[in-house]
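Asker: Can you keep this structure in mind? I'll have questions shortly.
Computed from the coordinates by the stated procedures, all read-outs in this text should not be read as laboratory data. Just so you know, these numbers come straight off a predicted model, no measurement behind them. All Cβ positions, even for glycine, are placed from backbone atoms using ideal geometry, and neighbour counts span all protein chains on display.
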Amino acid sequence: MCGTDGHNLLEIEDLSVSLRGNRILEDINLQIKRGHIHALTGPNGAGKTTLMRSLMGGMPHKGTIRFLFQESNRVGYVPQFLEFDHSVPITVFDFLFLMLKKMPVFLGRRRTVRKKIEELLAATDCSHLIDRCVGQLSGGEFRRVLLAQALSPKPELLLLDEPASNIDEVGIRHFEEMLINLKNEQGITILMVCHSMNMISRVCDAVTAVNRTIFYDGPTKGMDHADLLQQYTFL
């Protein structure tokens, strides 16, 4: 459901999700402000990924999800895992070409396609990976490739499911810089699932703690790290 609003980009009202008779989420009321980086956090099995899937229309739910788009009406998504055969000798160029070939901008000659893919990779500081085999990429490198794919065409809302998982500290800091640039330079609103309280503190404007229902929702500066850690046993 779409509309227009000057402040919120996403509004969730009274959302609940049940799976095989088990209540996964209930009474979820949440607002994501335009131009913010907003974190979803909580213990494993708390329903965070289920909430993400509900936003993308991939999970039956009750309640209202309202997107208040003003520009592209597009949502980009980077999953936590993407299963593929690492032994297949496919390059980053071929991988992105296969992922994006149905989009009109990629109609045309191979040279034009390569230039466009180089531009996408440059946006996430990994254009040097274009001819590398996907199976040889580190976790952080592959996550940047997936992020590049999610940015074409430019989304108004970007959903990230645990973007810092399986990435070393240097890679995490690099990824944080990219997220801040996407918000500040491109005006992209970001909603991400994240377990790292340090990362949330460094880059997020707001945080929502979920364990089937919402237990904290507010500015990052207002959260009590020790209290949240004690309550939800974050990983």
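Asker: How much net charge surrounds residue 146 when only the other residues with a Cβ under 13 Å from the Cβ of residue 146 are counted, with Lys and Arg +1 and Asp and Glu -1?
Answerer: Working: positive: 143, 144; negative: 83, 141, 161, 162.
Cβ neighbours under 13 Å give a net charge of -2.
Asker: Could you tell me the calculated FRET efficiency between residue 114 and residue 59, based on Cβ-Cβ distance and R0 = 25 angstrom, to the nearest 0.05? Show your work: numbers first, answer last.
Answerer: On the way: r = 37 Å, r/R0 = 1.46.
Efficiency at R0 = 25 Å is approximately 0.10.
Asker: Taking 0.36 nm per residue of sequence separation and subtracting the Cα-Cα distance, how much length would be gained by fully extending the chain between residue 177 and residue 23, in nm to one decimal?
Answerer: Numbers: separation 154, 0.36 × 154 = 55.44 nm, distance 3.68 nm.
Between residue 177 and residue 23, full extension yields 51.8 nm more.
Asker: Amide H neighbours of residue 215 under 5 Å, at least 5 residues apart or on other chains, H built in the peptide plane: list them.
Answerer: 209, 210
Asker: Let me spell out the model: positive unit charges on the Cβ of Lys and Arg, negative unit charges on the Cβ of Asp and Glu, origin at the Cα centre of the stretch 79-153. What dipole size does that give, in debye rounded to 20?
Answerer: Taking the Cα centre of the stretch 79-153 as origin, the dipole is about 420 debye.
Asker: At a threshold of 8 angstrom on Cα-Cα distance, excluding pairs fewer than six apart, so keeping six or more, what relative contact order does the chain reach in percent?
Answerer: 29 percent
Asker: Longer than 31 Å from Cα to Cα, which of 115/221; 154/221; 62/116; 33/115; 48/116 are they? Say none if no pair is.
Answerer: On the way: 115/221 42 Å; 154/221 29 Å; 62/116 40 Å; 33/115 34 Å; 48/116 33 Å.
Pairs exceeding the cut-off: 115/221; 62/116; 33/115; 48/116.
Asker: Now, a different point. Rg and Dmax of the stretch 79-153, using alpha carbons, in Å: what are they?
Answerer: Considering the stretch 79-153 through its Cα atoms, Rg and Dmax are 11.6, 33 Å.
Asker: Could you give the alpha-carbon Rg of the chain over 2.2 N^0.38 Å, rounded to two decimals?
Answerer: Details: Rg = 18.1 Å, N = 235, 2.2 N^0.38 = 17.5 Å.
Relative to the 2.2 N^0.38 Å estimate, the chain comes out at 1.03.
Asker: Follow-up. Taking every DSSP beta bridge with both residues inside the chain, roughly what % is antiparallel (nearest 5)? Mind showing how you got there, number by number?
Answerer: On the way: 20 of 38 bridges.
Taking every DSSP beta bridge within the chain, about 55 percent pair in antiparallel fashion.
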